[in-house]
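A short worksheet on the structure shown next.
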Amino acid sequence: MFTPRTLATACAWLGLAVMPAAPALAGSAPASPKAEVIHWWTSGGESAAVKQVAQAYRDAGGIWIDTAIAGGDQSRAVTINRIIGGDPPTAAQFNTSKQFLDVIEAGMLNNVDELARAQNWDQMLPTPIIDVIKVDGHYYAVPLNIHMQTWFWYSKAAFRKAGITQEPSSMSEFFAALDKLKAAGIIPLAHGGQSWQETVLFSAILANMGGKELYLRAMRDRDQATLLSPAFRQVLLAFKRLKSYVDAGAPGRNWNDATALVIAGRAGFQVMGDWAKGEFTNAGQVAGQHYGCMAGFGASTPYLIQGDVFVFPRTDDAQAVRAQQLLANVVSQPGLQVDFSRLKGSIPIRLDADATELDLCAQKGIEIMKDRTRQAGVTEVYLRPDQNGAMQDVLTAYWNTNMPVERAQKSIANALKY
Amino acid sequence: MISLRAHKISPHLALLPMALTALVAYIGGALWTLRTSFTASRTFPSDDFIGAAQYVRLFDNERWLISLHNLAVYGVLFIVACMVLGFLLAAFIDQNVNGEGFLRTVFLYPYAMSFVATGLVWQWLLAPGAGIEGAVRRLGFENFRFDWIIDQEMVIYTIVIAAVWQASGLVMAMMLAGLRGVDPEIYKAARLDGIPAWRVYLQIVLPMLGATSATVFLLLCTAVVKLYDAVVAMTGGGPGTASEVPAKFIMDHLFLRSNIGLASAGAVTLLIPVLALLAPYAYARSRKKRA
């Protein structure tokens, strides 16, 4: 079958097929920078948002290769495996957090110092963001947007039905409002019973009850005395008290299903990041008219921010570096950031961006962001993934069982000791 | 002469790849894990040795302790239930029932399927409001409750049920093979003596199946330690951390929580009971050989 002659013929055919392509490649001017980007923006609003980035990159003369992997955990695992395996993507999405600190320390990312200097990031970016993307004086990631994780969303229809006339402005008013909702036969607090959502809820209570000082001493400094203090115990007790305002169907529920309860007016409140806005918008609801959003109870509540960044795995290939630089430049432009955030439900990282196109809640957020004293990071900004995860494990166990508060407090202190 | 020598060497040559794989991949992997468990490795392995600190941290961790407790409960129930059920199934099929081949296939089938797929089916079956609870309620029993899968205390038992459903068919197949090896004369003799069938099985046949039972027991033990996919598919470790198991803890810390050191410490801890089980077995074997 495979005589030398047939083999030779096959080779000749293959050669012919390849030949015309070869001179074309060699003859063209420097090829357009090609960027393979790994991200986990797969839901409706998210993929619409990332299409804006891809389009902007193409408009700037690049070629965008989209590698979308559902689920942040999976996506990050793939990115890290590919970096270790020596086949890194041109760029990859991470959250604005310590998720990529180890990768930086292992010297596996290219820095973006040039861009950072040109745009004066030291002055421009919020401190919690600089805290995680700047290591040893070098910038290693380009922030794309800001998410605020602990918004209180509420249904105006539910408020009317329960006779609540104004937004609660303290923890006790919040509980009073929840009681009224309960009395009116409405689920007071829509909750998705997954461990990360319990952590979001807890962070909101910690920030609102403890203020910025207690929050930072507990989450950033991991101060054992603070974690074991009576003030921290009060926060844990208030967190647990919320359990009685949650319906029985909450365990395992997705965040967007919880949001749907608020949209339908079947639930009063939900504490969730600003990505929830996409759900309201999809349901045809308008901020301020059908639903309300509050960043916290008081004018000094810490604004817990996070967001998305692109990192650029280390490479010496000049073409790849060119592609990385182009992408970094494209995503840091204010115009793109507004377009991206409008669809994603976040706010732009650059406060000089034109916010008029954004909705009421986003504008509230941008206004708050101008006050630097209110800025703080979410727990992931200060804790390594394993520390944050260990705390999350304790919180979800405490929320779901009869674990005494003393034990929960001690376990959290233990989890943050390492 | 030459052909004779080749004849002697060839079996060893044939075994070599397997032996090398076992040495390099399994023993080597285990040693590497042991080494990593004494380092401060996070996302990447490191050479920063910190002694037993990862173990201290591991046993300071609420979730790890819950995992170990769950594994113990699951292990005992799963092994006992599988062996009892598997033996009963085998004994009944051994009575020359009609359609034996069909029944065998039905019982063995669950073992052939991935638990990631069947776990989802079990999740629907057990979901409160739908599945079993819903079906019984539609039959008219309005107050029927079967919500173990969202119950802190009971959720681990739902995993036992599903896992027993999956593995007892395999036990049946092995026990049946053992039963078929028993000399039919024994049954005849026992019948002549007027001994009831259940006593024949319990006191005569079962002791004869010692070797088969030991094999089944070892297989089930390894299945217990490996328990992972059933939990991920059915409960994801929830509600809260009520159905967490060590293997899931290890996987989470390896891949999602960027702590290879802690995951390795967990893996080594998990290896200890396996070795504890295997050591007496190996010891008994070596004694037998000498005698």
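Any read-out appearing in this document is the output of simple, stated calculations on the displayed coordinates, not a laboratory observation. Since this is a predicted model, take the numbers as computed values, not measurements. Cβ placement follows ideal geometry from the backbone for every residue including glycine, while neighbour counts extend to all protein chains displayed.
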Review point. For residue B:271 and residue A:31, what is the calculated FRET efficiency with R₀ set at 45 Å and r taken between the beta-carbons, to the nearest 0.05?
Key: 0.30
Study note, to complete from the structure: Here the relative contact order (percent) of region A:209-298, from C-alpha pairs under 8 Å and at least 6 apart, is 16 percent
Revision key, fill the gap. Mean separation of Cα contacts under 8 Å (at least 6 apart) over the residue count of chain A, i.e. the relative contact order in percent, is 26 percent
Practice item. Give, to the nearest whole percent, the P(r) tail of region A:135-286 beyond 21 angstrom, counting all Cα pairs. Key: 50 percent
Exercise for review: Return the long-range amide H neighbours of residue B:50 (sequence gap of 5 or more, or a different chain), with a cut-off of under 5 Å between placed amide H atoms.
Suggested key: B:39, B:40
Check your understanding: Which whole-angstrom value gives the distance between the alpha carbon centres of region A:130-207 and region B:222-267?
Key -> 30 Å
Exercise for review: May I ask you to derive the FRET efficiency for residue B:95 and residue B:132 from their Cβ-Cβ distance with R0 = 25 Å, giving the value to the nearest 0.05?
Suggested key: 0.25
Check your understanding: Each residue of region B:259-267 in turn: what ³J(HN,Hα) in whole Hz from Karplus with 6.51, -1.76, 1.60 and θ = phi - 60°, glycine and Pro shown as x?
Key -> 9, 4, x, 5, 4, 5, 4, x, 5
Check your understanding: With a ≥ b ≥ c the root eigenvalues of the C-alpha gyration tensor of region B:1-81, is it rounded (a/c under 1.5), prolate (a/b larger than b/c) or oblate?
Key -> oblate
Practice item. Can you bin region B:212-291 into rounded, prolate or oblate? Criterion: square roots of the alpha carbon gyration tensor eigenvalues sorted a ≥ b ≥ c, rounded for a/c under 1.5, prolate for a/b above b/c, oblate for the rest. Key: oblate
Practice item. Could you pull out every residue, at least 5 positions away or on a different chain, whose amide H is within less than 5 Å of the one on residue A:65? Hs are placed 1.01 Å off N in the peptide plane, and Pro or chain starts have none. Key: A:35, A:36, A:37
Exercise for review: Using only the Cα atoms of chain B, build the gyration tensor, take square roots of its eigenvalues as a ≥ b ≥ c, and label the shape rounded, prolate or oblate: rounded if a/c is under 1.5, else prolate if a/b is larger than b/c, else oblate.
Suggested key: oblate
**Study point:** Cross-link pairs A:243/A:277; A:212/A:240; A:51/A:240; A:161/A:364; A:240/A:417; A:156/A:212 - those with Cα-Cα distance over 32 Å
**Key:** A:51/A:240
Practice item. Would you please give the FRET efficiency between residue B:10 and residue A:74, computed as 1/(1 + (r/R0)^6) with r the Cβ-Cβ distance and R0 = 56 Å, to the nearest 0.05? Key: 0.75
Point to revise | Gap separating the Cα centres of region A:329-371 and region A:302-317, nearest whole Å | key: 17 Å
Exercise for review: Check the straight Cα-Cα distances from residue A:182 and name the aspartates and glutamates below 16 Å, setting aside those fewer than 8 residues away within the same chain.
Suggested key: A:173, A:247
Check your understanding: What does the average come to when, for each residue of peptide A:247-255, you count the partner chain Cβ atoms lying within 10 Å of its Cβ?
Key -> 3
Review point. Taking neighbour counts of Cβ atoms within 10 Å as a proxy for exposure, in what order, fewest first, do A:261, A:336 appear?
Key: A:336, A:261
Check your understanding: Which values of log₁₀ I(q)/I(0), to two decimal places, follow from the Debye formula for the protein assembly as shown at q = 0.07, 0.08, 0.12 Å⁻¹ with a uniform point scatterer at every Cα?
Key -> -0.63, -0.79, -1.38
**Study point:** Amide H partners (placed H, <5 Å) of residue A:303, local residues excluded
**Key:** A:375, A:376
